[in-house]
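Everything below concerns the one structure shown next.
The values are calculated or read from the model by the stated rules, or taken from the named source; none is laboratory data. What you are looking at is a predicted structure, and each value in this text was computed from that prediction instead of being measured. Counting neighbours? That spans all protein chains shown, and the Cβs are built from the backbone with ideal geometry, glycine included. SASA here: full protein model, heavy atoms, side chains in, ligands and nucleic acids out. Shrake-Rupley method; radii C 1.70, N 1.55, O 1.52, S 1.80 Å.
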Amino acid sequence: MTVLAAELETRTPGQAAIIASSVEFDFGRRRILRDVSFQVPAGEITVLVGPNGAGKSTAFRLIVGELTPKRGTIRFGPNGYGPSDVADRDIGLVPQQIALVERLSLRENLRLFAAIAGVRHKDRASRITEAMEAVGLAERANDHVKNLSGGQRRLANVAAALVHRPAVLMLDEPTAGVDASARMQLYSLLRERRQSGTAILMTTHDLAEADQLADGVVVLVDGAVVSTGTYEEVTHSLFGGHLECTVVLAPKSASPDLLQHDQLTRELTDLGLSPQSDQPQIWDGLVAPTAAARAQILDMLTRQDRLIIDCKIRRPGLDAVVAHYRGHSGFHPTAAGSTCASPSSAR
């Protein structure tokens with residue numbers, strides 16, 4: 001067992017495994033991270049989200065000790081270890097790029113990673129088997145990595161990060177290009193690791209994925225943390241109890257009655273929805289969760305069903321949060337006197 005894992009084994013619920021405090025980092029004259037503070041508790045999955053260029057990858061590199069903060073600190077566990085004290089043995093890192101040797105078998109790759117992580121020689125065989133079974137690749141142990149599918153390579157990449165039983169697991173876009181089967185395998189694995197007490201920090205552009213997995217969310221925009229909390233806390237802080245409504249219209253050219261089509265678009269506007277700039281047949285916005293708003297939508301669907309291809313109503317997800325902070329969302333759910341508040345955004 002690693003030093004940090006031993007500490008966290010006796011943790012109280014919610015014990016922080018990673019603590020970033022007022023971290024700043026510059027690249028030349030450019031400020032990449034500004035006063036970034038957040039915590040990653042043991043036994044939870046924390047998802048770092050934000051637009052491209054927000055600083056997510058830089059934050060990862062600072063946590064594993066590849067970079068050094070210009071100001072602020074990154075500490076691990078209750079005793080406050082620094083990255084240089086724990087990075088090799090206590091952190092399992094799954095980078096975006098596949099970090100495996102293609103001409104070696106999966107078993108040979110894991111043997112190499114186990115040695116690098118300091119796993120004792122007598123324990124390596126069992127740890128390698130354990131890691132392969134965890135990602136569902138035990139039957140491919142002797143296959144060269146180059147002969148694995150893209151999804152299997154991603155899972156093998158995760159196995160390499162698990163072979164030394166890290167107290168902290170960090171995954172940077174782990175499901176990019178992964179098929180549904182491998183994705184479900186990874187989700188199951190992460191939930192199992194969370195249950196065993198591992199602290200998990202991940203980035204993803206698949207915000208539906210983050211909605212499913214996240215115990216905690218850190219929203220990073222332009223190098224600064226703009227929101228933290230549970231999924232419900234982060235979304236509710238922006239949108240209250242409002243619901244996201246999306247209506248897909250039949251093309252105007254295909255409408256049997258152009259006047260009816262124009263009437264429908266007026267109704268959508270009155271409801272508070274507006275067309276997306278790059279897909280004008282898709283109208284969306286936020287709707288107050290009231291009986292009057294639901295009745296208005298149901299009445300519109302009943303009368304205009306021939307012109308409406310699809311209609312979806314849901315709680316706003318993290319995709320709406322990121323769109324808001326990216327500046328592409330016009331949601332204003334607290335506007336006085338409005339049933340809905342519309343975006344003028346391209347998703």
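Table for the structure above
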{"read-out": "Accessible-area composition of the chain, carbon plus sulfur, in percent [1.4 Å probe]", "value": "49"}
{"read-out": "FRET efficiency estimate (nearest 0.05) - Cβ-Cβ, GLN279 to THR73, R0 51 angstrom", "value": "0.65"}
{"read-out": "Student exercise, region 120-256 dipole from Lys, Arg, Asp, Glu Cβ charges, in Debye to nearest 20", "value": "660"}
{"read-out": "16 Å reach of a label modelled at ARG103, 7 Å along Cα-to-Cβ, counting backbone N of region 137-177", "value": "144-147"}
{"read-out": "Matching label, Rg/Rh (Cα atoms, Kirkwood Rh) computed from the structure shown, candidates [x] 1.06; [y] 1.31; [z] 0.96", "value": "[x]"}
{"read-out": "Region 13-69 and region 261-311: distance between their alpha carbon centers, rounded to Å", "value": "40"}
{"read-out": "SER22-LYS312 pseudo-label distance in nm [points 7 Å out on the Cα-to-Cβ vector]", "value": "4.3"}
{"read-out": "Calculated FRET efficiency for the pair GLU133/HIS205, C-beta based, R₀ 30 Å, to 0.05", "value": "0.55"}
{"read-out": "For region 94-110 versus region 139-213, the gap between their alpha-carbon centres in whole angstrom", "value": "13"}
{"read-out": "Per residue, in Å², the accessible surface of the chain once ligands and nucleic acids are set aside, probe 1.4 Å", "value": "47"}
{"read-out": "Proximal lysines relative to LYS70, as straight alpha-carbon distance under 28 Å, when same-chain residues fewer than 8 apart are discounted", "value": "LYS56"}
{"read-out": "Most mobile of MET202, MET170, MET184 in a GNM of the chain (Cα contacts under 10 Å)", "value": "MET184"}
{"read-out": "Theoretical FRET efficiency, 1/(1+(r/R0)^6), r = Cβ-Cβ of ARG303 and ASP222, R0 51 Å, to 0.05", "value": "0.70"}
{"read-out": "GNM result for the chain, Cα springs below 10 Å: residue of ASP305, ASP172, ASP35 fluctuating most strongly", "value": "ASP305"}
{"read-out": "Relative contact order (%) - the chain, alpha-carbon pairs under 8 angstrom, separation at least six", "value": "18"}
{"read-out": "Trypsin sites (Lys or Arg not before Pro) restricted to DSSP loop in region 119-174 with at most 13 other C-beta within 10 Å", "value": "ARG120"}
{"read-out": "Helix-only mean residue ellipticity at 222 nm for the chain, each DSSP H run of n ≥ 4 adding -39500 (n - 2.57), per residue, nearest 500", "value": "-11000 deg cm²/dmol"}
{"read-out": "Most mobile of SER188, SER126, SER274 in a GNM of the chain (Cα contacts under 10 Å)", "value": "SER126"}
{"read-out": "About the Cα centre, charge dipole magnitude for the chain (Lys/Arg +1, Asp/Glu -1 at Cβ), debye", "value": "900"}
{"read-out": "Net length gained if the chain between ALA115 and ALA180 were fully extended (0.36 nm per residue, minus Cα distance)", "value": "20.2 nm"}
